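Visitor: Structure below; questions to follow.
The values are calculated or read from the model by the stated rules, or taken from the named source; none is laboratory data. Since we're looking at a predicted model, the values are computed, not measured. Because the Cβ atoms are built from the backbone with ideal geometry, glycine has one as well, and the counts that use them run over all protein chains shown. For accessibility, only protein heavy atoms count, side chains too; no ligands or nucleic acids. Shrake-Rupley method; radii C 1.70, N 1.55, O 1.52, S 1.80 Å.
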Amino acid sequence: MTAMQVWEGAKDDLASAAAIEESAFGDRSWGAASFEKTASSPGVRLLLAGRSRAAAQGFALWLLAGEDADLLSIGVAPEVRRQGVGRLLLDALEIAALEQRARRLLLDVADDNRAALALYRACGFYEISRRAAYYRNGADALILEKPLNETS
Ligand SMILES: CC(C)(COP(=O)(O)OP(=O)(O)OC[C@H]1O[C@@H](n2cnc3c(N)ncnc32)[C@H](O)[C@@H]1OP(=O)(O)O)[C@@H](O)C(=O)NCCC(=O)NCCS
């Protein structure tokens, strides 16, 4: 089987990334229009993963803010979960962020999102703060950080 690859998304990739976002998040999806608008905003970068550029199966959206690389969203199509795509995207994010001289990765995640929390912890993120009842369903938001350095 062809190996998974990661590539930097361009304008042409926005529609397929938005479709993955919808399949990954279901009723929590931003919707294609909002996704494409955010992904096209100044400074926002898109990473895609899949076995070929014609068939992306995961995405990550991120933004460099000073020395922080903020992960805005990450999603993997349900049919290919637990195959390392999320981890591959976070590894690629780390490399891209280091290239931009970021000092840390930051993200927020609902404290009831078990899969995402497990992924982030497996990739070396830890909690630095919590916002109580931040999400509509009453879940807390956890702010997670991963410090970066040239040798990590
Ligand atoms: C979170 C998400 C991106 C993970 O993607 P993924 O490709 O399935 O993750 P990976 O296969 O790379 O998992 C890497 C590790 O993370 C952990 N992990 C991932 N999903 C997990 C789950 N459902 N349960 C327990 N651990 C999990 C495991 O340690 C896993 O390693 P292992 O499979 O060798 O045990 C995916 O579940 C998703 O798209 N969820 C919906 C969207 C979402 O919630 N995004 C995050 C918003 S903050």
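Visitor: Specify the residue that is nearest to Ala110 (Cα to Cα); the eligible residues are those in segment 75-84 that are open to solvent by 50 Å² or more (accessible area, probe 1.4 Å) and part of a helix (DSSP H, G or I).
Guide: In this case the residue turns out to be Pro78.
Visitor: Return yes or no: is Leu98 more than 22 Å from Lys11 (Cα to Cα), within 16 Å of the ligand (Cβ to nearest atom) and open to solvent by less than 50 Å² (accessible area, probe 1.4 Å)?
Guide: Judged against the criteria, Leu98 is not a match.
Visitor: Further question: Could you check segment 10-54 and list, in sequence order, the residues that are assigned to a strand (DSSP E or B), modelled with pLDDT under 95 and not hydroxyl-bearing (Ser, Thr, Tyr)?
Guide: Selection gives Arg51 alone.
Visitor: Any residue in segment 55-74 that is out of contact with any Cys (no Cβ under 6 Å at 6 or more places or on another chain), part of a helix (DSSP H, G or I) and more than 9 Å from the ligand (Cβ to nearest atom)?
Guide: Within segment 55-74 (the criterion being out of contact with any Cys (no Cβ under 6 Å at 6 or more places or on another chain), part of a helix (DSSP H, G or I) and more than 9 Å from the ligand (Cβ to nearest atom)), the answer is no, since none of the residues qualifies.
Visitor: For Phe35, which of the numbered conditions (1) more than 23 Å from Arg136 (Cα to Cα); (2) away from the ligand (no atom under 11 Å from the Cβ); (3) open to solvent by less than 20 Å² (accessible area, probe 1.4 Å); (4) not aliphatic (A, V, I, L, M) fails to hold?
Guide: In the conditions (1) more than 23 Å from Arg136 (Cα to Cα); (2) away from the ligand (no atom under 11 Å from the Cβ); (3) open to solvent by less than 20 Å² (accessible area, probe 1.4 Å); (4) not aliphatic (A, V, I, L, M), Phe35 misses (1) alone.
Visitor: Just one of Leu144, Leu117, Leu98 is touching a helix residue (DSSP H, G or I) at 6+ places or on another chain (Cβ under 6 Å) and not hydroxyl-bearing (Ser, Thr, Tyr); which is it?
Guide: Being touching a helix residue (DSSP H, G or I) at 6+ places or on another chain (Cβ under 6 Å) and not hydroxyl-bearing (Ser, Thr, Tyr) holds for just one of Leu144, Leu117, Leu98, which is Leu144.
Visitor: I need the full set of residues from segment 101-127 which are in contact with an Asp or Glu (Cβ under 7 Å, 6 or more places away or on another chain), more than 11 Å from the ligand (Cβ to nearest atom) and open to solvent by less than 80 Å² (accessible area, probe 1.4 Å), in order please.
Guide: The answer is Ala102, Arg104, Leu105, Leu106.
Visitor: Would you check which residues across segment 24-65 are more than 17 Å from Leu93 (Cβ to Cβ) and touching a residue at least 40 places away in the same chain (Cβ under 8 Å) and list them?
Guide: Result: Phe25, Trp30, Arg51, Ser52, Arg53.
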